[in-house]
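The values are calculated or read from the model by the stated rules, or taken from the named source; none is laboratory data. Source: prediction; values computed, not measured. All Cβ positions, glycine included, derive from the backbone under ideal geometry; neighbour counts span all protein chains shown.
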Amino acid sequence: MAPQRKRGTVSPTLLAFGRRFRRLREAKNWTQESVARRANGGGGVKPQYIGAVENGRTRCSREFAETMDKALDANGELLDLYDDLVKDATFPTWFDWHTVEPEAIMLESYQPLLVHGLLQTHAYASALLKKTDAVEARINRQSVLTRENPPPPDFSLLQDEMSLHRLTGSPEIMREQLEQLIYMVERGTVTLQVVPSRGDHDGNSGAFNIATLADRTEIAYADMAAHGLTMDDPEDLANLHRTLMTVRSLALPMDQSMDMIRKVIQEKWT
């Protein structure tokens with residue numbers, strides 16, 4: 001379920017920083033594409049990220065501001081603006097996970113109850129979401145894993161064993177869905193490990209995702225009963241990383257994970 005949001009509202013401090021950043025870029029007669037190539041110490045970011053910074057839709061890192069300050073010959077102005085406007089700014093209240101996912105160069109996730117949305121078949125998603133527009137939106141999100149330019153993110157998924165046994169829709173839908181998981185692993189789209197079901201680890205508090213952006217910024221999304229929660233607080237991220245490490249230590253290796261999925265298909269969904 002999408003994070004709760006208020007449409008049409010952006011952080012005024014992020015927007016002020018973005019406007020000045022855009023003026024400095026335009027003074028150089030640089031496009032968003034050309035300035036994007038100069039970010040990250042020459043490592044570059046995607047042009048969409050530059051657009052998000054300029055429109056106040058995301059908060060850049062201080063490292064990004066420092067690199068851009070030098071590239072744009074801002075003589076410290078961008079760093080001063082970062083400290084004054086961006087450092088303590090919150091993300092806009094409408095900030096949504098679907099704007100983060102396409103910008104990620106790495107995605108890490110733990111899913112205790114259901115198959116991850118990026119790997120769901122149309123039938124499985126339909127059984128969950130019911131509404132056609134919601135299903136199509138979920139399926140369209142999956143293009144992030146099949147695009148060619150930029151390359152898809154490195155996707156690492158810990159999928160709880162229970163999700164393989166939980167009937168969603170029909171046995172036919174479940175068989176198709178689990179076969180889809182195997183296919184996506186075999187084609188190298190995702191690194192998937194099955195976590196044997198048990199109730200004594202922190203991961204049972206709920207599903208979550210961690211996205212790493214090109215500038216190494218990390219943003220997390222956690223599922224909640226009422227709505228999803230997007231967060232970037234360092235303490236929250238540290239807690240999620242600790243949980244991820246704990247759950248990963250319990251996960252089966254890739255080959256054993258695939259064997260388990262095949263066994264569930266054969267014994268329960270055939």
- Query: Which condition breaks for Val115 when tested against (1) in a loop (DSSP other than H, G, I, E, B); (2) of a type in the set (A, V, I, L, M, F, W, C); (3) modelled with pLDDT under 85?
  - Reply: (3)
- Qualifying positions in the stretch 118-157 - within 14 Å of Val100 (Cα to Cα) and assigned to a loop (DSSP other than H, G, I, E, B): Pro152, Pro153
- Query: Does the stretch 74-81 contain any residue that is within 25 Å of the chain's Cα centre (by Cα), under 15 Å from Phe17 (Cα atoms) and assigned by TED's automatic domain parsing to the domain that holds Trp30?
  - Reply: no
- Item | Verdict on Val194 being closer than 15 Å to Leu114 by Cα and not in a loop (DSSP other than H, G, I, E, B) | yes
- For the stretch 44-93, enumerate the residues that are surrounded by 15 or more Cβ atoms within 10 Å (Cβ to Cβ), assigned to a loop (DSSP other than H, G, I, E, B) and at pLDDT 90 or above. Leu72, Ala74
- Take Ala238 and decide whether it is under 14 Å from Ser156 (Cβ atoms), outside any loop (DSSP other than H, G, I, E, B) and among the small types (Gly, Ala, Ser). no
- Query: Name the residues in the stretch 146-168 that are surrounded by fewer than 22 Cβ atoms within 10 Å (Cβ to Cβ) and touching a Phe, Trp or Tyr at 6+ places or on another chain (Cβ under 8 Å), would you?
  - Reply: Thr168
- Note on the structure: Filtering the stretch 59-88 for residues that are touching a residue at least 60 places away in the same chain (Cβ under 8 Å) and under 14 Å from Asp215 (Cα atoms) leaves a count of 5
- Message: Condition (residue is outside any helix (DSSP H, G or I) and closer than 27 Å to Glu103 by Cα) applied to the stretch 160-171: is it met by at least one residue?
- Response: yes
